[in-house]
Structure formats: structure tokens, C-alpha cells
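Following: one structure in C-alpha cells, then a few remarks.
The values are calculated or read from the model by the stated rules, or taken from the named source; none is laboratory data. These figures come from a predicted structure and were not determined experimentally. FYI the Cβ positions are ideal-geometry reconstructions off the backbone, even for glycines, and counts take in every protein chain you see.
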Amino acid sequence: MTVIALTGAQAGLLSCETCALLTRPADAAEPGYCPRCGGELAWRRHHSIQYTWALVIAAAICFIPANVLPVLSTTTLGSVDSDTIMGGVVFLYTSGSWPLALIVLIASVMIPLGKLVALAYLLITVQRGSLGGSRERTRLYRMVKFIGRWSMLDVFVDTFTVALVQLQPLMFVEPGPGVVFFAAVVVLTMIAAESFDPRLIWDSLANREGLHG
Amino acid sequence: MAENFDRDDLPQATVVPKRRTRISIVWIIPILAAVVAIGIAIQRIMSEGPTITIIFKAAEGLEAGKTFVKYKDVNIGQVTAVKLSSDHSKVEVTAKIDKSAADLMVEDAKFWVVQPRVTLSGVSGLGTLLSGNYIGFEVGKSDKQQRKFTGLEVAPIITGGQPGRQFVLKAENLGSLGIGSPIYYRRLQAGQVIAYDLAADGKRIELKIFVEAPYDKYVNPGTRFWNASGVDASIGAGGVEVRTQSLIALIAGGLAFDTPPFVVTAEPAPANTVFTLYTDQAIAMKQAESISAHYVLYLNESLRGLSVGAPVTLLGLPAGEVTDVGLDVDPATLRVRGRVEVVSYPERLVATLRAKQATVGEALIRSAQQRHALMQRLVEQRGLRAQLRSGNLLTGQLFVAFDFFPNTPKVKIDWSRDVPELPVVPSTASDLEAKITGIVAKLDKLPYEAIGADLTKALADLSQTLEDTSKAVNRIDADVTPGLKSTLDGLRGTISAADGVLKSTDATLVGKDAPAQQDLRDTLQEIARAARSLRVLTDYLERHPESLIRGKTEENP
């Protein structure tokens, strides 16, 4: 028995995203609503690429001030000390604790940046209709989605520090404007990952096979 | 023509599915993010001030990102980098200055490192113990912007804009002065020493001082400055006088200035005028002598107690001083005598004249010829002579006095010599000696032997007289005493008789158990009893008046 690789769209069928009921669309252009749960039916998520692009670009813009502006300003005996994320990494590295520096560097700089690059790569390949590595790209997408929820760690630590270290007037810590942008980067990339429809990765392959078949 | 073709042969219009080209509302998010980011960037760039470089000799306590630049205790910038200069001899400190203070970065602005400083005259910069050192800043007056500065080693004491003026003092040595040493004007603190340096020739100290504003106008070209450190004690006719400026000046040193009364008050001195720093007030306030006349005196008496600098007086007023004391020997005759060289300052004497006479006096001493003529006349006609006098009996200090001795022989002064010789008279100290010698001589002439003989005779007479007196007394003893004795014995018998009488009387009348007393006591008791019965009777009669008539009735039970 030969395995037939057939997508729902190729078969002219739709799966409801809410209750997974397989339906025939009312019309190819306007699929209508799910007869069972009433959810709106769509071949693919609406404006998935456009949405994702918009959010990725917004996150990329926010990524710059998140790294340039200080995330934490420590006031010790009247002298104010403002630290950026990279400043913290450099401080940790120069003070000898390079493993910590590495962790901060990976968690706070490389992962957000990696997410942005990964999403941009997925979007570009989908738009160009690339065929190769669909499986790897899907895995990449899964990773982006998985890692997204852990990225708020920085913001979490920042908030905790600010709340705990309040020994006024000897020493107190205030959040810097950078942390807001950092949070925005994390939130925007998470939403971007959500709004991306991974089925698009496979559509070009399916279209191509369909053409040949 | 319209019916010539089949309708079906015509091409059919194609239906292109309407594509959704509408731009989604989601693009607002990146636009918003971009707007915010650009806004912040613009704000940053707009608020960005200049970055300046300050060169210090050492970066004491300066740290990148932690050290601030402060002006009037307000942060105007922050140090961003501290590194060695390219030749490794200095430290280059890079600081980012706030935009608000950007126009203060002019070429004569001053920077220095503020650190805790404890001196005798005060403690400063204590705040830096907690907050760390910072860079102090002082505005300049220039309009020319600059970005590279050289930091000062020490904080300027006088902050810009403080009214007042700077002057330069030249001193022999620094003494106990230092930066911040106070300057007093009539014991009010009027300024401070702001810097000192060795003069280029290495022989003097140049002090830069700052005299604050209302006092700076009292500094005029004739003002004298002196070192007011320590105590200046002097003993005069008015008692002991101790002069000091203040406790701080006593410990930490200080300066004082004043304008001598003889200086005509001129315009205030311009800034950076150079003055000489005198060692003490007396020297500072001394009038500068423009005219001086040198004379030599030859004396045939002891010069012990006469020292260089001893005063020369005219009628007791200061007229000059002794410049040299030594010997003079005539090689031919080997005559050795004392040589005293003096200098006189005619102006000092003219200054003591009253205003009207002063002009005349000044005319008299203006040229050398006039002075010579005046001196000649004084010596010849008025008998002006020099004399050594004792200034202090205890210490034996001598001074040279010019005085008038009209009875002295006339002398001419030889003006052709380098240093003209003035005639002298012997000191009054030798006069005294002569007088004492005279007295001693007279004492010598007294007839001590004759006096002795007379004295012996007188004593013999006295002895005779005493003997006579003794005899007279003996006679009295022999003739008068026996009669006196019998009389006294009679008197004693009389007295003892009187004594016996008195004693018996005493026993009868006043002794404790004398009979008279006993009787008296009994009598009195009788009287008391009688009185009592009388009282009983009267009581009874009062109650029973009828008893007078009826007699005493029986008492009813």
C-alpha cells in the first residue's frame, strides 16, 4: 500500500482549529464556520506571515534599546551605578565568574536574538517557497515556541532585585528603562511565534508535489 | 457587419479572485515600537553633552562610571574612562558632561580632585569619605569652548565670582605659611593665601594671595604686608604688650596688612600688584627712607652696650640708627678710640613737624648742600653734639643721642670726607662717675681723729653723770625707807581690824544659818499664816454675813 501524502487543503477539506472536525468548506474563498463548534474556519491562519513579520520587526526594534539602555540602576551611598545587560555580562566575566557570564549572555542576549533570527528565517523561506529542510525548519519552530516562555527570566530577576534591595538610604535598586524594552522583545517574539502558522512550511512542498502529481 | 461572427468565438473575461492586499492593523505594533525607540534615541542624543578630557598627575580615587564632576555640589557630568596618557606620565580622565553644563566648558575652567582634607585651619571634603572622590569644577571667564583640560593639583581656595582681588607677595622664606593661611586686616580675616611658589631665581618665595571684597579696596600701592604668625611680645613704658592676630594665626601662621599713616591714601592697587612681605609689623610699618645721611663719631669711652641698630635720637625722637661700631687707630700716635657710624633719616624728623612747618622743613633737607648747611649751623651755632646715653639701666643698652650743648666750643665739620665726623661730648654716665669721685674725696677730708677724741671725752662725762645719779638714789633708799615701813605696818593692822568687823557682820546678817536670817524666815511664815486665816475669815463672812451678828452656826449635815 502506497502512502499518500495528502494535506487537508489538497483534499479540499478543512480541519476546525478549535474542535478538529473535518469539514468541507462552504466555498473555496470563504470557508465559513464550523458546523459543530461555530469557530471560524480557515485554510491557513489569517495574515499569518504579515502578522509574524510585523511582530518580529517590532521585537527587533525593541531589542536595540533593551541592550543599550540600563536595566538596573544601583544607588550605593549616593553614587549611582547603571548597568546594561552587556555591562553585567562584562562585569561578571571580568570578576572571574565566566560561567555566570555565559549563562546571562545566552539567556539574555543570544536567545532573544536567536528567536528573532529564527522567525525571520522561517518567514523568508516560507515566502520564497523553499522546499528543502522542511522538517528541520519545523523543529526550529518548535524550539522557538518552547523557549519563548523561559525568556522572561531576566525580567523576573530584575523585578525581584528591585523589590528586595531597598535599603534606603544606604543602597537601593531601581529598574532601568531597558527592562521594559526587554520584556517587550520577549512578549512580541512569543506572540510572533504563536501567530506563525507552521503548516505554511509544508505548503510549498505540498503544492510542488501536487503539481507533479 | 454586427451579425457576421459567432458570439461564442469571442474571448471570455477571466475572473481573477480578489486578493486581499489590505495591510493588517498589526503593523501598528512595529511602528509604535519604532516611534518609541526613535523617540528615546532622539532624547538621548539631544541630552548628550560634550565629552571632555582632563589630564591629572594621578587618578586618586577616580573611577570610570562612578566619579562625578560637580559644580556647586551639583552633578554636571560623569567620568566615563580613566586611562594613562600615551607617554604614561599622566592620567587622562574622560568625562561626559551634561548638556546643561556644556557651555561652561570654556578654556579657563578649572578641574581638581576633591578629597577629604584636614588642615589646621579647617576640614573640608568630608562628604567624599562616603561618596568617594569627585572632580570639582570651577567656571572660567572665557567664552572660548574647550574640550581638553589640565586638572589642578589642589583645589582653588577662591571660587570664581567671589569678589576681591589677587596680589603677589615676595617673601624671603615661606615660614609657617601655607595654602589657606589667613590674611588679616585689623584682625579681621580679609583673605587667604591661595598659592605659593619658588621664584624663578630660587631666592624668594612668591605667594599668591586673595583679598576678599570689601577689604581689597584698602590695599593700595603703599600697603605693607607682614607675617603675623606667632606672638610678638614687647616690654615698654606702658607694660608688657603681646601682639598676635588670632589663635589660628598663632598655630597655622597668617599674614596681616595695613597702610602706614604716612602713606598718602592712593587708589586701590590693581590686581596682581607685587608687594614685599615683611617679617614683622614694626619693620613693615617703618617708613621707607629716601634721604639718609651718614656720620661717624669718635668716642673716648666704653662702647659696651652699643649695638648695631641701636637708635639715634634727636631730643629723644628717633632720628636714625647705628650702622657700625668699631675701633679707630691713628697709626702715628697709636691713639685708639671708639668709632661709631650712624645714619640719620632727616625725613623722620620732618614728619614730626606740624603741617605748616613741614614744608619749610622739607625744603631744608631737599638737597645735600642744604642739609650740610643746616647741619653746620646746628653744630656751630646751637651746639649740636652727639652723646652716648644709657637706654636701659638694667641691661646697660646704649644709644646715640643728638642734643644741644650751647656751652661747648665751636667746631667745624669737614664735609670733604666720605663720612663726615660729628663732634661728641662725653656721656653723662662718666659725669656721674666724676661726681661720685668728688664726694668720695670730700669724705676723705673729714677730721676723723678729732671727732674720735671729742667722742671719747663726751663718753667720760656721761659716765660721771651716771655715777652721780646712782649716789642720789642710794641716799633716798637710806633716809626715807624706814619711816615709810612703820607707817605701812600701822596701816596693815587697821585693815585687818576692819576685816574682822566686816566678817562678824557677815556672820550675823547674811550667812546661811545666821540667827537674824532664821528669825526673819519664821516671822515671814507667821505673817503668811495670818494672811491665810484672814482670807478664810473673809470667805466665811462673805458666805455667812449673819455670823457677824449671830456667831458661827453649826454646820448642818
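A few points about this structure:
- Restricted to strands (runs of 3 or more DSSP E) entirely inside the stretch B:129-220, those with at least 2 residues that are basic (Lys, Arg) and more than 14 Å from chain A (Cβ to nearest Cβ) are B:164-171.
- Conditions (1) within 29 Å of B:THR259 (Cβ to Cβ); (2) loosely packed, with under 13 Cβ neighbours inside 10 Å; number of the one not met by B:VAL329: (1)
- Test result for A:ARG44, over 29 Å from A:VAL186 (Cα atoms) and either out of contact with any Lys or Arg (no Cβ under 6 Å at 6 or more places or on another chain) or modelled with pLDDT under 85 (or both): no
- Residue check, B:ARG304 over 30 Å from B:GLN166 (Cβ atoms), among the basic types (Lys, Arg), at pLDDT 80 or above and not assigned by TED's automatic domain parsing to the domain that holds B:ASN173: yes
For (1) under 29 Å from the mean Cα position of the chain (by Cα); (2) within 11 Å of another protein chain (Cβ to nearest Cβ), each residue gets a yes or a no:
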| site | (1), (2) |
| --- | --- |
| A:GLU17 | yes, no |
| A:ALA28 | no, yes |
| A:ARG44 | yes, no |
| A:PHE91 | yes, yes |
| A:ALA101 | yes, no |
| A:VAL109 | yes, no |
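- Of all residues in the stretch B:350-383, exactly one satisfies the criterion of being in contact with a Gly (Cβ under 8 Å, 6 or more places away or on another chain) and either surrounded by fewer than 15 Cβ atoms within 10 Å (Cβ to Cβ) or touching a residue at least 60 places away in the same chain (Cβ under 8 Å) (or both), namely B:LEU353.
- Residue in the stretch A:63-70 that is closer than 30 Å to A:ARG199 by Cα, crowded, with 16+ Cβ neighbours inside 10 Å, more than 13 Å from chain B (Cβ to nearest Cβ) and hydrophobic (A, V, I, L, M, F, W, C) present: no
- Test: residue in the stretch B:33-40 that is under 51 Å from the mean Cα position of the chain (by Cα), exposed (fewer than 13 other Cβ atoms within 10 Å of the Cβ) and within 13 Å of chain A (Cβ to nearest Cβ): no
- Test: residue in the stretch B:159-176 that is of a type in the set (Gly, Ala, Ser), modelled with pLDDT of 85 or more, crowded, with 17+ Cβ neighbours inside 10 Å and not assigned by TED's automatic domain parsing to the domain that holds B:ASP108: yes
- For B:LYS57, the test of being closer than 30 Å to B:SER176 by Cβ, at pLDDT 85 or above and not assigned by TED's automatic domain parsing to the domain that holds B:GLY178 is passed.
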